[in-house]
Amino acid sequence: MGKMASMTKYDRKTNPLRVLIMIAVVPMLFCAKIVLSEELEVEMLDKSYAPEILYSEVGDKIIWPKSKGHNVEFVDGPDSFSMPKRSKMNKQYDIVLETPGIYYYWCTPHKGVGMIGLIVVGGDTSNKAAIAKAKAFGKSKKKLESMLAKL
């Protein structure tokens, strides 16, 4: 303790222990979001997604593994969501959603037979009414109503 009292103000600012702590702590703060994020998978089955309703947190990576004859096309999402291009057929598709809310997507060739899915990010369902008004075709219309009723 006596040694600390004899240090000057300048010496205390550049204390090597403080520098080491800063070197260790600062990168952890920036990486915390990455460490807390998860990878979630949605399977593309014959004519449906599994799960059909996925609950995720902001920053989670969502993966649709490749599946012959299927793709992912986002139809609607939160107001600030910029719709990505639809995925290529028969290819894996990954996305990280950074905005809370409900996201609605479908398989382009199978949307009429009800191959649709919803992602609820951050538990936020505030855009449920907007999703209910989004376009839907064939069996997807009733299926979307049923899925939204579960939220």
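When Rg and the Kirkwood Rh are both derived from Cα coordinates, the Rg/Rh ratio for the stretch 46-125 amounts to 0.94. Using the Cβ-Cβ distance between Leu151 and Met83 with R0 = 25 Å, the FRET efficiency computed as 1/(1 + (r/R0)^6) comes to roughly 0.75.
Model label sites at Lys135 and Thr99, defined 7 Å from Cα along the beta-carbon direction, differ in position by 1.9 nm. Taking each of Lys66/Lys143; Lys61/Lys85; Lys111/Lys142 in turn, the alpha-carbon distance tops 20 angstrom for Lys66/Lys143.
Rule-based calculations on the coordinates, nothing more; no lab input. Note that the structure is a prediction, hence the values are computed from the model and not measured. Quick reminder, even Gly has a Cβ in these numbers, built from the backbone with ideal geometry, and neighbours come from all protein chains shown.
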